[in-house]
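Colleague: I'd like to ask you about the structure that follows.
What follows draws every value from the coordinates through simple rules; no lab data is involved. None of the values given here were measured: they were computed from a predicted structure. Using ideal geometry, Cβ is built from the backbone for each residue, glycine included, and neighbour counts are taken over all protein chains shown.
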Amino acid sequence: MSIISTIIRKLIEEASPKIIMAVIGGLVLVGGGTGVALSTSLRRARAPKITSTEAVVDEIKHIGQFRTSAYCDEIVIKGKLDSLPSVKARKEKGEKVKSGEIVLIQKAAVHAGVDFDKMEKEDLRLSGDTLFVALPAAEILQIDMDRTKQDVFLQKGKWDGNQVEELYGPAEEKLIQDALDGGVLTKAYANAKEYIEDFFRPFGYVCVINQKQPQQ
């Protein structure tokens, strides 16, 4: 058994699932894996090197989320001033409110993946050369909408930033639903399984991965 394989086995037997999966994430990035991005904390950190379990713990102790799928789209955000809750409240108080309408085109992305913080020691079990993994269900991890980069398709009347922001809530809800309908969680879970299997295969391990059951 090679030195690296020995270290991997020691990691499986002694380290926490969070540490093991974070090492996988770091090495996938170093190896040029496609479609993978880690949480902000990982992008700022140096790629972890497997030299000892102590070094791995120190290097990646803050890592938890592993993003494996993204749904990207251009969404239309539109509304009228007199339909906004804040403006309606002013009208009810007798204030005079000018009419207005706006239509924005906004680029957005929904990132999905697996949160390894939800794994416990018992979710990884090694039997000979077979690694049994109870993998948490995929979930939405981040929504990206850069409010400073939308295109104004139509604008009538004067709109302030707070009024425009009121339109984003319903638009974000629709974006998330579209992503779910498009199978972003299914793809994220399948990709996470594939990355784990691909990582351990060269070291002679066969992975049996099942979805972790939520605690009652």
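Colleague: What distance in nm lies between label points placed 7 Å from Cα along the C-beta direction at GLN155 and GLU101?
Modeller: 1.7
Colleague: I've got another one for you. Do the alpha carbons of any pairs in LYS174/LYS212; LYS149/LYS187; LYS78/LYS107; LYS91/LYS174 sit beyond 19 Å of each other, and which pairs?
Modeller: Numbers: LYS174/LYS212 28 Å; LYS149/LYS187 28 Å; LYS78/LYS107 14 Å; LYS91/LYS174 28 Å.
Pairs exceeding the cut-off: LYS174/LYS212; LYS149/LYS187; LYS91/LYS174.
Colleague: If I take the Cα coordinates of the stretch 125-216 and project them onto the principal axes, what are the three extents in Å, biggest first?
Modeller: 70, 34, 20
Colleague: In what sequence, highest mean first, do 173-186, 67-80 appear when ranked by Cβ atoms within 10 angstrom?
Modeller: Numbers: 173-186: 15.4, 67-80: 17.7.
Packing order, densest peptide first, comes out as 67-80, 173-186.
Colleague: Additional query: Rounded to the nearest Å, what's the spacing between the alpha carbon centres of the stretch 175-216 and the stretch 64-79? Just the number, please.
Modeller: Cα centres, the stretch 175-216 to the stretch 64-79: 19 Å.
Colleague: Take peptides 89-97, 191-199, 102-110 and line them up by average Cβ neighbours within 10 Å, highest first, as a rough protection proxy.
Modeller: Working: 89-97: 9.4, 191-199: 19.8, 102-110: 18.2.
Ranking the peptides 89-97, 191-199, 102-110 by packing returns 191-199, 102-110, 89-97.
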